[in-house]
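The values are calculated or read from the model by the stated rules, or taken from the named source; none is laboratory data. All values reported here derive from a predicted model rather than from experimental measurement. Every residue, glycine as well, gets a Cβ built from its backbone with ideal geometry; the counts of neighbours run over all protein chains shown. In case anyone asks, the SASA skips ligands and DNA or RNA and just uses the protein heavy atoms, side chains included. Shrake-Rupley method; radii C 1.70, N 1.55, O 1.52, S 1.80 Å.
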Amino acid sequence: MGATFVRIPVKASDFTQPAGNTTIGFEILDNVVEWANANSIYVIISLAIASRCQNAEPYCSSSGNADLWMDSQAQLDTVQCWRGIAERYSQEEMILGYDLLERPLAPTDTHLQSMYERIIAAIRIGDPNHIIFLQGNNLGKDFAIFQSRWVLQVDNNTAYSLQIDTDSDCPSLVDYSTSVDDAVKPVELVRDDNLPVLTLYKGQCQDYLEALYEKFQGDSIFQPTGYWTYKTISYSTKPMAIFNMKDKSSWEDVRSRLDNSQFITTSEWQNFRTALRQDNFESGDVGSVIQDYFGGKSITYTWGYWWLIGLVIGLGLLLMVGVIVAGVLYYRKKKKYNYWS
């Protein structure tokens, strides 16, 4: 599909709470970096779960509140998490950069700016090299925080990240261009900064995605773009993920038990993960749309074309076996009636 980078979501506590001689977060990222070097794929490390949560969404392991903003110790732990990551990977060339907070929901822009400035200062102590990605307030969609251009004064090796969440509109929209214009409107507030914008999106249907890419093609500020791979959205709602969840019941069951503090054994968790990987996801067709706009020849990842390829190969093998059998029978018959041999 021509991907050049992957975003790796991480959790702050995995880097600040040692398990033995190290922390599980560094073990995971070390493996990621090794894989990235072996495959020449860049990595953006994204803090999906800050200490005590930067938003109130379920995926953030939140209790229903974004407690990071009112807890000084949680803020310090988050800063220390980033400092540790930056010091460890400062020389890794396949690390493209650090996305400081995934979908932040701060009470005010002042809270978010202060947090960003503290994290940036901590990162630059040990790593002056890597790009720092900053998301706006209101779950990464409000760029008013950047309007005063303070980012350029704090650090000159930065970029912005814009979250685009509009999958629920897809089935009902007729003209997608208006919705696309609304989704990318925050960028106008930072256009004069001349910094690239990393656009992050998930779940859009094909018509919306094509309208979005048309917008990107005409505007060089949208570089690069990132697409979510696995989403807990039923494919029946026509989202365009690379892998879509066919049945969310097993996930909802585990999530319900976790929300109610019910114990889940290691073997149960491993079985659940295996079931998700093997049985519960199906390929979406986002690959074909991405290739149409960014890769030239279209590649489709749906099952639809593979049966035809398999049929052609099968018929070819059957024909080859038939020719061989016919040849053997002909040779035996000829030898049977050739009395001079």
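Would you confirm whether or not region 146-157 contains a residue that is surrounded by 15 or more Cβ atoms within 10 Å (Cβ to Cβ) and under 12 Å from L101 (Cβ atoms)?
The answer is no; no qualifying residue exists.
Please work out if D71 is modelled with pLDDT of 95 or more, open to solvent by less than 80 Å² (accessible area, probe 1.4 Å) and among the acidic types (D, E). Even if it seems obvious, please write down each step before you answer.
Values: modelled with pLDDT of 95 or more: yes; open to solvent by less than 80 Å² (accessible area, probe 1.4 Å): yes; among the acidic types (D, E): yes.
So D71 passes the test.
Could you tell me whether any residue of region 42-50 is in a helix (DSSP H, G or I) and either within 15 Å of the chain's Cα centre (by Cα) or surrounded by 14 or more Cβ atoms within 10 Å (Cβ to Cβ) (or both)? Give the derivation first.
First pass over region 42-50, keeping only residues in a helix (DSSP H, G or I): none.
Taking every residue of region 42-50 in turn, none turns out to be in a helix (DSSP H, G or I) and either within 15 Å of the chain's Cα centre (by Cα) or surrounded by 14 or more Cβ atoms within 10 Å (Cβ to Cβ) (or both).
Considering every residue within region 15-27, establish whether at least one is modelled with pLDDT under 90, of a type in the set (G, A, S) and out of contact with any strand residue (DSSP E or B) (no Cβ under 7 Å at 6 or more places or on another chain).
Checked region 15-27: at least one residue is modelled with pLDDT under 90, of a type in the set (G, A, S) and out of contact with any strand residue (DSSP E or B) (no Cβ under 7 Å at 6 or more places or on another chain).
If L189 passes every condition in (1) at pLDDT below 90; (2) in contact with a Phe, Trp or Tyr (Cβ under 6 Å, 6 or more places away or on another chain) but one, which one does it miss?
It is condition (1) that L189 fails.
Restricting attention to region 125-139, which residues are open to solvent by 50 Å² or more (accessible area, probe 1.4 Å) and over 18 Å from L195 (Cα atoms)?
I125, N138, listed by residue number.
For region 109-126, name all the residues that are of a type in the set (A, V, I, L, M) and out of contact with any Phe, Trp or Tyr (no Cβ under 7 Å at 6 or more places or on another chain). Steps first, please.
Within region 109-126, the first condition is being of a type in the set (A, V, I, L, M), and the residues that meet it are 112, 115, 119-123, 125.
Answer for region 109-126, where residues must be of a type in the set (A, V, I, L, M) and out of contact with any Phe, Trp or Tyr (no Cβ under 7 Å at 6 or more places or on another chain): L112, M115, I120, A121, I125.
Answer with yes or no whether S179 is among the small types (G, A, S), at pLDDT 90 or above and surrounded by 17 or more Cβ atoms within 10 Å (Cβ to Cβ). Lay out the reasoning, then the answer.
Numbers: among the small types (G, A, S): yes; at pLDDT 90 or above: no; surrounded by 17 or more Cβ atoms within 10 Å (Cβ to Cβ): yes.
It is false that S179 is among the small types (G, A, S), at pLDDT 90 or above and surrounded by 17 or more Cβ atoms within 10 Å (Cβ to Cβ).
For I119, are the conditions met, namely being in contact with a strand residue (DSSP E or B) (Cβ under 9 Å, 6 or more places away or on another chain), modelled with pLDDT under 95 and open to solvent by less than 60 Å² (accessible area, probe 1.4 Å)?
Details: in contact with a strand residue (DSSP E or B) (Cβ under 9 Å, 6 or more places away or on another chain): yes; modelled with pLDDT under 95: no; open to solvent by less than 60 Å² (accessible area, probe 1.4 Å): yes.
Against the criterion (in contact with a strand residue (DSSP E or B) (Cβ under 9 Å, 6 or more places away or on another chain), modelled with pLDDT under 95 and open to solvent by less than 60 Å² (accessible area, probe 1.4 Å)), I119 does not qualify.
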